[in-house]
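Engineer: The structure's right below; bear with me while I get my questions together.
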Amino acid sequence: MAGRRRGWFRSSRNNEWVQQARQGLTAAFLDMDRRQSVAEAAVAASDQMFPERGLGRTWEPVRARCYDAAGAYLALNERLDQAELSGGLVPQPEIDANIRRLADAAVGVDEFYRGNQAQLEHAVALYGTVPQLAAQVRSTAQQARQAAADSPYAGYPSVRRCLAAVDEGLVTLEQAAAGPAGSLREAATHLEASARSLSRALEDAPGKQHSATTAVASAATRLSAAQNRMERVAPAMSALLREFNAASSADLTNNGRQAQQAIDAADAELSRARAALQTNNPEQTLELTTSARGHLATAEEQVEAVTDRLALLREVREKPQEKAKTVRFKLRDAQMLAVNNGLVGQWGSVLDAQAERIDRVTNGLTGRHPDYWAYVSELDAIAAFVAGVVDRMRNTDR
């Protein structure tokens with residue numbers, strides 16, 4: 001029994017045994033702590049560079065296991081110190097269990113690191129380059145800023161806007177330097193983009209005078225064409241009222257007035273654009289010509305609505321059954337699709353009702369001035385409805 005006691009316990013006078021026990025424990029602790037420190041630094045880098053990956057949350061239980069093992073190690077180390085001073089006894093199995101606990105925690109760290117090695121090492125490498133990246137971006141932005149200040153195009157609105165963005169980015173970068181690396185990298189990336197935009201604005205500036213001159217000439221040509229087209233509106237409206245039911249053009253009554261208003265607005269914008277061009281302000285010229293083209297598009301739409309309506313109604317009047325034949329053909333295709341796909345029970349009556357609609361609208365073409373526009377509108381509505389049914393049947397087939 002005494003021999004077993006000497007194998008399991010040591011007195012405080014046996015300094016050699018205590019030192020050996022402490023060395024084994026310390027070696028296991030330092031090994032775990034080294035691995036934990038490497039992983040901890042990599043996780044911190046990942047959380048700053050790529051917070052969306054959430055590796056910090058995955059690492060938390062692994063770190064907690066290391067902390068628990070370290071706490072147990074420190075407590076046991078204190079007991080060894082006391083045993084050495086007072087002659088107390090420390091069970092060898094307890095020492096061995098503590099060493100295993102430290103080793104197991106180290107294994108957990110290794111497993112975590114290997115499982116996320118690519119992401120962790122990429123984050124560490126990127127983290128290390130952030131200060132250098134920030135310094136390089138700052139230098140490039142300052143050079144772009146100086147180039148803008150020295151440029152004869154510094155007064156262009158596009159250059160001024162980009163310059164303001166660079167100034168704001170430089171301030172943000174300076175403030176971010178005192179914070180996390182992730183914020184610094186984000187600020188550097190934003191500043192880099194702003195500096196590139198400023199450089200592009202300076203590169204584009206010389207050609208804008210020519211672009212503005214071309215744009216004014218093009219808009220002037222389009223304005224002249226729109227004014228010529230305006231001359232067709234009154235005769236076309238007169239023909240619509242004379243040849244067709246009044247309801248066929250009721251929605252077009254104000255088109256002539258609206259088209260003229262749009263043309264007048266375009267003319268005014270174009271005059272302002274010419275003035276801006278004369279004062280060497282091509283960007284304002286381009287903005288004004290863009291606005292003028294928008295007004296001209298409105299005018300053209302209003303004019304074409306009248307002339308196209310007249311052409312369409314004359315075509316339908318010439319061959320009124322052609323429009324109905326086209327819609328009936330689409331309806332027959334839809335009915336065949338229902339038959340072939342076994343969907344007659346679901347869609348047959350719906351499609352048959354469209355045939356009745358076609359008959360009703362066709363029979364409605366009576367009198368001296370039939371409402372051809374209502375006829376066309378109703379047939380278009382039927383065609384759209386049938387197309388919708390076809391889409392739904394095809395989706396059912398899939």
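Engineer: Where the second residue is part of a helix (DSSP H, G or I) and of a type in the set (Ser, Thr, Tyr) and the first is under 15 Å from Arg357 (Cβ atoms) and in contact (Cβ under 8 Å) with a residue 24 or more places away in the chain and lies in region 319-346, which pairs have Cβ atoms under 6 Å and are six or more apart or on separate chains?
Structural biologist: Hits for this filter: Ala324/Thr362.
Engineer: Consider Glu287 carefully, then state whether it is within 30 Å of Thr221 (Cα to Cα) and either in a loop (DSSP other than H, G, I, E, B) or modelled with pLDDT under 95 (or both).
Structural biologist: yes
Engineer: Of the residues Ala265, Ala275, which single one is over 23 Å from Glu301 (Cβ atoms) and in a helix (DSSP H, G or I)?
Structural biologist: Ala275
Engineer: Also: If you go through region 340-352 one residue at a time, how many are more than 12 Å from Val389 (Cβ to Cβ) and loosely packed, with under 12 Cβ neighbours inside 10 Å?
Structural biologist: The total comes to 3.
Engineer: Quick one: which of Ala374, Ala324 is part of a helix (DSSP H, G or I), small (Gly, Ala, Ser) and under 30 Å from Glu231 (Cα atoms)?
Structural biologist: Residue meeting the stated conditions: Ala374.
Engineer: Can you tell me which residue among Val90, Val107 is under 23 Å from Gln23 (Cβ atoms), modelled with pLDDT of 90 or more and assigned by TED's automatic domain parsing to the domain that holds Phe29?
Structural biologist: Val107
Engineer: Additional query: For region 171-207, give me the residue count where each residue is of a type outside the set (Gly, Ala, Ser) and under 17 Å from Gln48 (Cα atoms).
Structural biologist: 8
Engineer: Another one. Determine if region 45-61 includes at least one residue that is surrounded by fewer than 18 Cβ atoms within 10 Å (Cβ to Cβ), assigned to a helix (DSSP H, G or I) and of a type in the set (A, V, I, L, M, F, W, C).
Structural biologist: No, region 45-61 contains no residue that is surrounded by fewer than 18 Cβ atoms within 10 Å (Cβ to Cβ), assigned to a helix (DSSP H, G or I) and of a type in the set (A, V, I, L, M, F, W, C).
Engineer: Taking only region 190-241 into account, find how many residues are in the same structural domain as Asp264 (by TED's automatic domain parsing), touching a Leu at 6+ places or on another chain (Cβ under 8 Å) and among the hydrophobic types (A, V, I, L, M, F, W, C).
Structural biologist: Adding up the residues that qualify gives 11.
The values are calculated or read from the model by the stated rules, or taken from the named source; none is laboratory data. Not measured: the values here are computed from a predicted model. Glycine gets a Cβ as well: all are built from the backbone with ideal geometry, and neighbour counts include every protein chain shown.
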